[in-house]
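Only one structure is covered here, and it is reproduced in the block below.
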Amino acid sequence: MKYDFSKIEPKWQKIWEEKGAFRAVDFDKRPKYYALVEFPYPSGAGMHVGHIKAYSGLEVISRKRRMQGYNVLFPIGFDAYGLPTENYAIKTGMHPRVVTDKNIEKFTSQLKRVGFSFDWSRVIDTTEEGYYRWTQWIFLKMFEAGLVFRDNALVNYCPHCKVVLSNEDSQGGKCDICHSDVVQKSKTVWYLRITKYAEKLLEGLEKVDYLPNVKQQQVNWIGKSTGAFVDFTIKETGEKLRIYTTRCDTLFGVTFMVIAPEHPMLEKNRALLRNADALDAYKEECAKKTEFERTQLVKDKTGVKVEGLTAINPVSGKEIPIFISDYVMMGYGTGAIMAVPAHDERDYAFAKKFGADIIPVIKGGDIETGAYTGDGKVINSGFLNGLTNKKDSIAKMLAYLEEKGVGVAGVQYKMKDWAFNRQRYWGEPIPIVHCPKCGMVPVPYEDLPLRLPKVENFEPGEGGESPLAKIESFVKCKCSKCGGDAKRETDTMPQWAGSSWYFLRYIDPNNDKAFADSDKLKYWLPVDWYNGGMEHVTRHMIYSRFWHKFLFDEGLVPCDEPYAKRTAQGLILGPDGEKMSKSKGNVVDPNDVVDEYGADVLRTYVLFMGDYASAAPWNESSMKGCKRFLERVSDLSELVGKGSPSDKVDVSIHKTIKKVSSDIEDLKFNTAIAAMMTMLNEIYDAGTLTKDQFGLIIRLLCPFAPHLSEELWQSIGGNGLCSLAPWPEYDEEKTKDSEIEVAVQVLGKLRATVMLPADCDKETALETAKKDPRVVPFLDEKTIVKEIWVPGKIINFVVK
RNA sequence: GCUCCUGUGGUGGAAUUGGCAGACACGUUGGAUUUAGGAUCCAAUACCGCAAGGUGUGCAGGUUCAAGUCCUGUCAGGAGCACCA
């Protein structure tokens, strides 16, 4: 059959759509399967082939599952709020709504041309009222639960764009939009108290099936550490200065303390400070430093001694000085540390610069050359002396501290609370009203959605205010509690908001009574398999797990972990081996590929080009191999009925069914396709094929090249749609060759291969091998001291 | 600095529990077909060597009958976190 993709692809796409072939059916009797891919941000540039690869993995899984008899939910949508659209709007004067609709239209047509089996009846768009209404609703639930708070914080601010930037948008200390230097600015911002869920987020990882590196990254991001809080006494005031440490076993080696420049203790005891001016100056200097400077100058320690306050070591009773330094941060632990220069590199560097004492308390290092962080015998430490195990010393010290009431075991997390707002227009308005009498008042649930007002000008205001702040009709409002005049919050939510719960909305996308019906949630959740990019493993995934766990605690979802399984695909690089980007001009548009080669070739190629999880450069000539492959499959139809049925072909097909079936489950699409190519070569060698055998091959290929498969399925009179035909089963007996090739080694070196019956016993095998003319010369005049026989694999003679 | 991942032909990449390194594909070379180009088909293609044979999975060691795979050290590249007390 001639392979004319330009005819058959639109034909079958139309039929699938008309028949609703890929609709997921709520409450269906078949077992359910929820496959989820990360929904795209509809940028103006359109999709590139990287998107296609990202979706092709679970596309194959979904199609296979349907053929295996599952009720599959494989949805798609658009994560459409965000900066690029807004910046484009500022530049062109077009409204973000118009831009977004246009982009979504383009993405949709691109996705449809590739023939993905998404359930298009469940498409969602995070910027639609019907959607963001529920994003706001969940936010209010969190507000009610005390998970939302406001605090003053240093934010990244671009003085040129007059915009507050997220960390992601200001990498390297440069503004992502105009590339000028970002400065730190103090601002009141909204936070979600994600740290309250730190332990749950960590524990939950134990029962989910994520790739090991995905789990590892989340564990690192949460960053749990176990240690102790220890109270030092301030000599002049008698108050306690609490520190956090993971090494309380080194308490006797503490020779000074360091507190963050912003530590409240300074303000509180200002009257006692003899060098308040110097301390203030240092604090101000630190505030001016950008995030970039602070992290780049890590080696060079700076600080100022606090004159007028002295601390007392709670175990040794020694008086020690206190310093302020920016290497101690208010945001972690208690904002104060005990410094043990003999056993901590940062403390050592600081002590050297400021001339503080260095007392070793663990044997093993040399305080002249640097800090010793290893294990060893405890010295100079009173009751701890002589212990050699760090664990024991820590336990003994902790017991002592607790008995004396000056310390307590504790844990800390690196993860910080989630700064949850942007001073931008194109985002979900935060549904809170500021009332001079009642304070922060939530917008009543029945008033949701709090709509984004139509504005003409999206430029942010002076001092990093949201464009919404300029819309008087939006800002001016009544307090729902007291009815008095109030002001509306004008910040919007960050891009991560809408994507934190989108997988729930697919389950019931048109519900206007709830974010989703609870019975439907019960039926579909959890997501059985979630695939996406490594770049979303920390932020998006942690955020959405956090929202989900919150909803679970509120009794609104039936399970505490949203994703049962998580995998990740690798990037597609440009033909030059560089990351695809518009500025480098190495972006490949899937539409161009579909035009020239067809969707089936594109789909096959993105999965064949390499290991699914690794990055691989785009190589157009390699794609020709995939085209040839599909053409050769198509040409098989001319072989059907020719010659007499061959057992060899049967074995080849059944072996391939077995390999393809298991490779797909492991995301090893490249070897699955390679196996089909090998099978094809074997069939052409045999020169014969039955119609039944062809039917198996067509169905096996269907998840990869569904259009061609449908066409061939129809040509052999297959029942119904190939996409919904049963997945081919293999017969274990038929996967075994009657004769196998076994390698013969002498002293571990390959000398020959021999053909043996599959069920050959050891003796026969060894005898056959010994007689092989290629082996004989190597055994001649030698004594065989050992004979190794690995059935079906190898024979090795050890000779002397 | 910490955590994790990856180093295999000219290229992308294969290789269950340690068991024939280089599957499959691209590219290249030769041949067939063709007016020509293209397409297609056949053959060859890790390296050295005419051959017998030898050498080969970043590098150096080790364990083993047998190592791409396990162990120790080391180098290179990538990703994430980053003064985390």
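The values are calculated or read from the model by the stated rules, or taken from the named source; none is laboratory data. Quantities reported herein were computed from a predicted structural model and do not represent experimental measurements. Please note: Cβ atoms are built from the backbone with ideal geometry, for glycine as well, and neighbour counts cover all protein chains shown. All accessible areas refer to the heavy atoms of the entire protein, side chains included, with ligands and DNA or RNA removed. Shrake-Rupley method; radii C 1.70, N 1.55, O 1.52, S 1.80 Å.
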Query raised in the report: How far is the Cα center of segment A:528-571 from the Cα center of segment A:457-514, in Å?
Result: 24
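Take A:95, A:343 and sort them by solvent-accessible surface of the protein heavy atoms, 1.4 Å probe, largest at the top. Present the calculation step by step, with values, prior to reporting the outcome.
On the way: A:95 40, A:343 15 Å².
These residues rank, largest area first, as A:95, A:343.
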Query raised in the report: Exactly which chymotrypsin sites (Phe, Trp or Tyr not before Pro) in segment A:17-77 are in a DSSP loop and have at most 14 other Cβ atoms within 10 Å?
Result: A:27
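Using the beta-carbon distance between residue A:316 and residue A:220 and R0 = 30 Å, what value does 1/(1 + (r/R0)^6) give for FRET efficiency, to the nearest 0.05?
Working: r = 35 Å, r/R0 = 1.17.
Computed FRET efficiency for residue A:316 and residue A:220: 0.30.
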Report summary line: Extension length gain for residue A:185 and residue A:520 (0.36 nm per residue less Cα distance), in nm, is 116.0 nm
Query raised in the report: For residue A:66, what accessible area in Å² do you get when you roll a 1.4 Å probe over the heavy atoms of the protein chains, rounding to the nearest 10?
Result: 20
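Using r as the Cβ-Cβ distance of residue A:236 and residue A:538, and R0 as 30 Å, what FRET efficiency do you calculate, to the nearest 0.05?
Working: r = 44 Å, r/R0 = 1.47.
Computed FRET efficiency for residue A:236 and residue A:538: 0.10.
Residue separation times 0.36 nm, minus the C-alpha to C-alpha distance between residue A:68 and residue A:160: what's the value?
27.4 nm
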Query raised in the report: Contour minus end-to-end for residue A:151 and residue A:793, with contour as 0.36 nm per residue of separation and end-to-end as the Cα-Cα distance?
Result: 224.4 nm
Query - Share of carbon and sulfur in the accessible heavy-atom surface of segment A:677-787 [1.4 Å probe, %] - result: 48
Query raised in the report: Quick one: how many Å² of residue A:519 are accessible to a 1.4 Å probe, rounded to 10?
Result: 90
Requested in this report: Give the residue from A:67, A:12, A:41 lying farthest towards the positive end of the charge dipole for segment A:1-69; charges sit on Cβ (+1 for Lys and Arg, -1 for Asp and Glu) and the dipole is referred to the Cα centre.
Outcome: A:67
Report task. In whole angstrom, note down how far apart the Cα centers of segment A:609-657 and segment A:219-280 are. Result -> 68
**Report entry** Set A:624/A:658; A:624/A:793; A:185/A:549; A:196/A:305; A:106/A:655 screened for pairs whose C-alpha atoms are more than 30 Å apart
**Finding:** A:624/A:793; A:185/A:549; A:196/A:305; A:106/A:655
Report summary line: Yeah, segment A:612-701 with a ≥ b ≥ c from its alpha-carbon gyration tensor (a/c under 1.5 is rounded, else prolate when a/b outruns b/c, oblate otherwise) is oblate
Query raised in the report: If you roll a 1.4 Å probe over segment A:550-643 with all protein chains in place, what percent of the accessible area is carbon or sulfur?
Result: 47
Report summary line: By the C-alpha gyration tensor axes a ≥ b ≥ c (rounded if a/c is under 1.5, else prolate when a/b exceeds b/c, else oblate), the shape of chain A is oblate
**Report entry** In Å², nearest 10: area of residue A:129 left accessible to a 1.4 Å probe
**Finding:** 80
Report summary line: Judged on accessible area alone, 1.4 Å probe, highest first, A:541, A:534 line up as A:534, A:541
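Can you send over the carbon and sulfur percentage of the accessible area for segment A:222-275, probe radius 1.4 Å, protein chains only? Could the numbers behind the result be given before it?
Working: 1050 of 2040 Å².
The nonpolar share, carbon plus sulfur, comes to 51 percent.
May I ask you to order A:424-431, A:359-366, A:543-550 by the average number of other C-beta atoms within 10 Å around their residues, highest value first?
Values: A:424-431: 25.5, A:359-366: 18.5, A:543-550: 23.4.
Ranked from most to least packed, the peptides come out as A:424-431, A:543-550, A:359-366.
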Report task. Taking chain A as the reference, fit the longest principal axis to its C-alpha atoms, fit the long axis of helix A:212-222 to the helix C-alpha atoms, and give the angle between the two in degrees, 0 to 90, nearest 10. Result -> 10
Report summary line: In whole Å, largest first, the alpha carbons of segment A:204-359 cover along the principal axes 58, 38, 29
Query - In Å, descending, principal axis extents of the Cα set of segment A:655-699 - result: 31, 18, 13
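Hey, what number do you get for chain A at 222 nm if only DSSP H runs of n ≥ 4 count, each worth -39500 (n - 2.57), divided across all residues, to the nearest 500?
Values: 25 runs with 282 residues, N = 800.
One gets -11000 deg cm²/dmol as the mean residue ellipticity at 222 nm.
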Report task. Give me the aspartates and glutamates in straight-line cross-link reach of residue A:91: C-alpha distance below 13 Å, same-chain residues under 8 apart excluded. Result -> A:456, A:459
Query raised in the report: On average, how much accessible surface per residue is there in segment A:424-518, in Å², for a 1.4 Å probe, leaving out ligands, DNA and RNA?
Result: 44
Query raised in the report: In segment A:689-744, which GluC sites (Glu not before Pro) fall in coil by DSSP and have 14 or fewer other Cβ atoms within 10 Å?
Result: A:729
